[in-house]
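Novice: Pasting a structure here, questions to come.
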Amino acid sequence: MEGRTDFLIVGAGFAGLVVGERLAAAGWKCVVVDRRAHLGGNAHDATDAAGVLIHRYGPHYFRSNSQRIVDYLTRFTGWHPVDYEIKSHAAGRHWSFPINLNTFEEWIGRPSTSEEFEAWLEKERVPIDDPQNSEEVILSQVGRELYEQFFEGYTLKQWKRHPRDLDPSVCGRIPIRTNRDNRYLRETFQALPDRGYTAMFERMLDAAPGLKLHLGVDFEEAKRRWDHRHLVFTGPIDEFYGRRFGALPYRSLRFEPESFTREQLIPREPVSGKPGFWQPAMQVNYPEAEIPFTRIVEIKHATGQRIDATTIVREFPKDWRPGDEPYYPVPAPDATESYRRYADLATREEHVSFIGRLATYRYYNMDQVTGMALAEADRLLARYGKGPQSST
Ligand code: FAD
Ligand code: UDP
């Protein structure tokens with residue numbers, strides 16, 4: 001045994017670092033480990049060989065409706081406000097997306113009004129009062145034609161499941177509007193950490209000297225190295241229990257980055273519409289089945305980084321197998337049912353907390369995970385009180 005710590009935290013993503021920072025600030029000794037070689041979990045960002053700041057595991061658009069969560073993170077970062085705008089590419093052209101009045105005008109090929117679009121939707125919508133799955137949620141809002149073009153193929157590629165076999169919340173994440181608001185997200189606060197996520201997490205660690213980070217260390221090794229009074233686990237819950245009820249389903253991804261110099265970008269200018277960029281928006285979705293990737297992300301549009309080069313990243317969905325990164329829990333009734341058996345075991349643990357996207361098997365955004373970690377820190381502090389290192 002290398003030593004003793006009060007809290008052992010497995011996973012240095014949003015969940016692990018936020019709970020660790022709070023506990024350390026209250027005077028407890030915390031060790032946080034991650035089997036990856038970097039902090040930040042899936043929100044990790046880094047400068048690539050072309051000098052471009054990229055989001056290593058897919059685009060991470062911070063957004064929140066919670067002032068408490070934003071205020072908490074603001075202790076560690078400034079913000080770069082972004083109106084996250086994307087496009088969808090289908091039938092050989094770019095479309096405004098999420099569906100709004102601009103998309104409708106592109107669809108009918110002439111100028112229109114919100115009133116005309118609403119009347120059109122009234123006729124197209126499939127009357128479903130209480131949508132039970134992702135197909136119904138979109139059909140009930142926009143009808144079959146727009147559903148088939150923008151949602152069906154994309155969802156099949158991303159999840160390898162039909163939208164009717166996924167919870168309504170999956171496609172229901174995407175707003176549908178009859179005005180000209182092109183923003184992809186609904187939340188009131190939309191911004192990126194001004195120096196990136198990794199820099200924000202580094203400041204979190206600096207602020208909490210009682211929180212020690214060990215990278216390249218997995219849970220099995222950590223258990224042998226640090227005796228602890230309480231464990232906070234943010235990895236996959238089925239893995240924690242040795243997959244004794246079978247592996248939970250996940251979707252994985254393969255990321256394919258490609259960088260371009262200023263000279264290489266010149267011929268792309270008619271497509272991107274501005275010098276220094278490869279495509280017209282930070283993200284272009286490809287819903288068509290023949291194209292093997294779901295989206296191309298050019299995060300420089302969102303970060304506002306001033307650099308001549310650019311990097312795009314194509315995202316290819318793939319089946320998850322042990323050893324792959326479990327990027328997405330599957331939001332569907334059968335998967336939730338399988339998770340429940342593990343969740344039952346978790347409720348019987350006295351000295352283990354399960355938080356975060358993988359340990360609670362929830363398709364949560366970063367702000368929701370931050371909220372969950374803050375709440376867990378409050379619960380633990382109510383139970384254990386302040387730590388011996390506490391200054392107050
Ligand atoms: P993670 O970030 O997954 O961190 C868990 C960490 O635990 C990992 O680093 C892992 O290596 C480590 N770990 C697991 N098991 C072990 C073990 N046994 N031993 C040691 N270490 C272990 N959210 C948004 O708000 N906006 C977005 O735009 C957005 N886009 C996304 C795009 C993609 C492609 C993905 C996959 C997710 C996206 N998210 C987005 C969700 C966001 O990534 C999560 O909400 C957030 O990162 C979850 O934090 P976490 O700490 O729960 O998990
Ligand atoms: N979706 C779709 N077409 C799109 C974009 C999204 O059908 O052009 C569906 C798809 O099922 C996707 C879900 O809506 O998984 C949520 O999309 P989002 O972009 O929020 O996914 P994430 O960024 O979490 O992968």
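Coordinate-derived values only; no laboratory data. Not measured: the values here are computed from a predicted model. Cβ atoms come from the backbone with ideal geometry, glycine included; neighbour counts cover every protein chain shown.
Novice: Would you confirm whether or not the range 347-364 contains a residue that is surrounded by fewer than 17 Cβ atoms within 10 Å (Cβ to Cβ), more than 9 Å from ligand 1 (Cβ to nearest atom) and assigned to a strand (DSSP E or B)?
Specialist: yes
Novice: Mind checking which residues of the range 300-328 are within 19 Å of His80 (Cβ to Cβ) and of a type in the set (D, E, K, R)? Walk me through it before giving the result.
Specialist: Of the residues in the range 300-328, the ones within 19 Å of His80 (Cβ to Cβ) are 300-307, 310-311.
Across the range 300-328, the qualifying residues are Lys300, Arg306.
Novice: Would you point out which residue out of Ala343, Ala302, Ala375 is within 18 Å of Tyr197 (Cβ to Cβ) and in a helix (DSSP H, G or I)?
Specialist: Ala302
Novice: Working carefully through the options Gln141, Gln132, find the one that is in a helix (DSSP H, G or I) and either out of contact with any Cys (no Cβ under 9 Å at 6 or more places or on another chain) or more than 14 Å from ligand 2 (Cβ to nearest atom) (or both).
Specialist: Numbers: Gln132 fails: in a helix (DSSP H, G or I).
Exactly one residue qualifies, and that residue is Gln141.
Novice: Could I ask something else about it? Select from the range 24-44 the residues that are closer than 10 Å to Gly216 by Cα and either charged (D, E, K, R) or in a strand (DSSP E or B) (or both) and list them in ascending order.
Specialist: Val33, Asp34, Arg35, Arg36
Novice: May I ask you to verify whether Glu258 is more than 27 Å from Thr311 (Cα to Cα), more than 16 Å from ligand 2 (Cβ to nearest atom) and under 27 Å from the mean Cα position of the chain (by Cα)? Please lay out each step first, then the result.
Specialist: Values: more than 27 Å from Thr311 (Cα to Cα): no; more than 16 Å from ligand 2 (Cβ to nearest atom): yes; under 27 Å from the mean Cα position of the chain (by Cα): yes.
No.
Novice: Let me ask another. What strands (runs of 3 or more DSSP E) lie completely within the range 47-112 and have 3 or more residues being within 16 Å of ligand 1 (Cβ to nearest atom)? Give the steps one after another, and end with the answer.
Specialist: Numbers: elements: 53-55, 79-81, 86-90, 93-97.
Per the criteria, 53-55, 79-81.
Novice: Counting just the residues of the range 11-52 that are within 16 Å of ligand 2 (Cβ to nearest atom) and touching a Phe, Trp or Tyr at 6+ places or on another chain (Cβ under 6 Å), which one comes out nearest to Glu325 (Cα to Cα)?
Specialist: So the residue we want is Asn42.
Novice: Please count how many residues of the range 31-46 are within 16 Å of the chain's Cα centre (by Cα) and either of a type outside the set (A, V, I, L, M, F, W, C) or near ligand 1 (Cβ under 7 Å from one of its atoms) (or both). Walk me through how you get there before you give the answer.
Specialist: To start, the set of residues in the range 31-46 that are within 16 Å of the chain's Cα centre (by Cα) comprises 39-45.
With the extra rule that they be either of a type outside the set (A, V, I, L, M, F, W, C) or near ligand 1 (Cβ under 7 Å from one of its atoms) (or both), the set shrinks to 40-45.
Here the count works out to 6.
Novice: In this structure, is Trp226 within 16 Å of ligand 2 (Cβ to nearest atom), under 30 Å from Ala346 (Cα atoms) and aromatic (Phe, Trp, Tyr)? I'd like the intermediate steps shown before the answer.
Specialist: Numbers: within 16 Å of ligand 2 (Cβ to nearest atom): no; under 30 Å from Ala346 (Cα atoms): yes; aromatic (Phe, Trp, Tyr): yes.
No: the conditions fail for Trp226.
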